[in-house]
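Before any comments, here is the structure.
The values are calculated or read from the model by the stated rules, or taken from the named source; none is laboratory data. The structure presented is a predicted model; accordingly, all values stated were derived computationally and were not measured. Here Cβ is always computed from backbone atoms with ideal geometry, including for glycine, and neighbour counts include all displayed protein chains. Keep in mind that these areas ignore ligands, DNA and RNA; they rest on the heavy atoms of the full protein, side chains included. Shrake-Rupley method; radii C 1.70, N 1.55, O 1.52, S 1.80 Å.
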Amino acid sequence: MANGAASARWAPRQLALWSFSGLIVVSLAGAVVSELPLLAAIPVGVLAGYHFLRSFSLPFWLLLFSIPFSTEVSLPGGLGTDLPSEPLMWVIFGLSIVFLARHGASLSAAPLRHRITLLLIIHLAWIAFSSLHSQAEIVSLKYLLAKLWYVVAFFGLGVWCLNEKAAFKRFFWLIFSGLSLTVVVVLIRQAMMGFAFDGINTVMGPFYRNKVMYACLIVMFLPFVWYALRWYAPGTRWRWVLNAGVVLFLTGIYFSYTRAAMGGVLIAIVSTFMIRWKMTRYVILAALLTTGVLLTWLSTQYTYLKFAPNYERTVYHEKFDNLLAATYKLEDISTMERAYRWVAGAYMVADRPLLGFGPGTFYFFYRSYTVLSFQTYVSDNPEKSGVHNAYLMIATEQGLPGLLVYLALIVVVLLVGENTWHRLGPGWRRDMVMAALLSLIIMHALQIMNDLAETVKAGSLFFLCTAIIVNMSLYVSSKNQKESETLPPEEPAP
């Protein structure tokens with residue numbers, strides 16, 4: 001009887017073993033015959049998928065560690081991906097569907113009902129709707145799919161995994177260790193070339209597309225390093241490690257020669273007091289009013305044409321101090337190339353204000369809307385980069401309704417985060433909310449001059465920080481509800 005039970009248990013294992021062995025043989029044979037080496041990796045993917053199903057959070061932690069190392073790779077047919085991060089997102093997206101099918105009914109619906117989650121869903125829904133009316137449907141469909149697995153991988157699993165102090169420490173150390181290693185590599189390469197400004201972009205590969213992405217990721221993660229210092233007592237080993245990390249990151253930002261990242265450090269300092277003094281809503285209102293007045297002034301009687309650059313004098317500068325001087329004189333080529341695309345983007349919005357040209361399509365349509373007086377030496381755009389302003393990019397591609405939804409998401413996240421910080425008592429939860437808020441504020445400020453949300457390095461932190469704020473907001477609400485339930489009933493008035 002015992003032998004029969006053992007045989008019954010062994011039968012499925014034996015079948016799985018023989019099936020996996022057969023898969024290895026077929027994959028190797030297919031790789032040899034087709035001369036496609038990637039086919040030989042199929043058994044590895046199946047084995048990884050099995051372990052991921054047994055430990056659903058494992059691919060999430062691997063994904064976090066991969067963020068600083070992710071490399072942009074061009075694929076046949078004009079496609080591109082980030083390795084190894086994007087394949088991990090695909091795995092997480094697929095496993096999430098399986099997980100929800102099996103356990104969805106038993107999960108708490110509170111995160112799904114949160115106002116931030118609802119706005120994020122509306123944001124995705126509008127992307128899908130504008131994709132249906134895109135001027136390049138295939139491009140927009142690819143954009144929508146990429147956005148979906150970004151949200152699931154970083155926001156969805158962020159809400160699922162980042163809820164305890166041990167998980168926050170793992171999140172922090174995984175990104176911190178990888179990011180620190182890449183900064184050390186870049187600084188060593190810079191030292192070998194004398195920290196020359198004109199060669200800064202040549203030392204970024206393969207980890208970063210350029211110095212802007214490198215510096216922006218550092219400055220966005222810096223608030224987490226600063227508040228993680230409170231986890232460890234002064235004089236302890238890990239406190240020394242984090243102190244060294246702060247110095248390392250500030251050094252990396254300085255020698256990146258990136259004006260936006262340097263300004264990001266100051267923005268973080270000022271924003272700390274803004275949050276403490278509950279000034280966020282007033283600053284947001286002032287920023288929106290200022291932007292509205294500025295745009296109205298520039299568009300009145302073609303005032304913007306007065307800022308057109310001198311084509312012969314707007315050139316690339318080989319020294320950082322010359323770059324700063326050129327910025328002030330509107331002769332910096334990177335700044336004026338942005339103006340060239342901003343003007344084109346404004347005309348695109350005027351042409352299709354409701355639905356835009358379709359998510360991910362700016363590059364394919366902007367040239368016919370450019371104004372030649374703003375043209376620079378790099379206007380041929382060999383990198384196929386975007387408008388270099390995330391808000392204008394959304395307006396051109398998703399229309400003004402898409403921009404309004406995105407702005408509403410930003411405002412609600414910041415206001416909920418500020419409110420949550422004030423409702424939490426001193427401790428690690430409060431520190432993580434502040435770090436997440438500062439990281440988001442830095443990113444939103446940097447996005448005035450860059451397209452960061454669409455990159456794996458900055459976009460990942462955007463969704464992770466949003467997930468942190470949702471989790472902590474739910475924690476505060478749950479805690480307050482439990483406290484109100486335990487209070488003794490009020491006695492009736494005499």
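A few remarks follow.
- Rounded to the nearest Hz, the phi-derived 3J(HN,Hα) couplings of segment 87-94 under the Karplus curve 6.51 cos²θ - 1.76 cosθ + 1.60 (θ = phi - 60°) are x, 5, 5, 4, 4, 4, 4, x, where x marks glycine and proline.
- Between W61 and F364, the contour length at 0.36 nm per residue exceeds the Cα-Cα span by 105.5 nm.
- Label-zone membership for segment 136-155, site K384, 7 angstrom Cα→C-beta point, backbone N under 14 Å: 138-140, 142-143
- Interchain or long-range residues, amide H under 5 Å from T71's placed H: L83, S85
- For the pair N419 and Q135, the difference between a 0.36 nm per residue extended length and the Cα-Cα distance amounts to 98.1 nm.
- Computed label-point distance, nm, for sites W238 and A110 using a 7 Å Cα→Cβ extension: 2.6
- Over segment 377-418, accessible surface divided per residue gives 35 Å², non-protein components excluded, 1.4 Å probe.
- Solvent-accessible area per residue for segment 78-156 (1.4 angstrom probe, square angstrom): 52
- From the C-alpha gyration tensor of segment 201-244, square roots of 5λ in Å: 29, 11, 6
- Efficiency of FRET between Y254 and L289 - r from beta-carbon atoms, R0 30 angstrom, step 0.05: 0.35
- Over segment 123-234: Kirkwood hydrodynamic radius from C-alpha pairwise inverse distances, Å: 17.3
- Spin-label model distance (nm) - A29 vs R189, 7 Å beyond Cα toward Cβ: 4.4
- Compared with the alpha-carbon gap, the fully stretched path from V270 to L148 is longer by 40.6 nm at 0.36 nm per residue.
- Greater than 20 Å apart at Cα, pairs in K169/K211; K306/K384; K147/K457; K169/K278; K165/K479: K169/K211; K306/K384; K169/K278
- Cα-projected label distance for A166 with K278, points at 7 Å along beta-carbon direction, nm: 3.7
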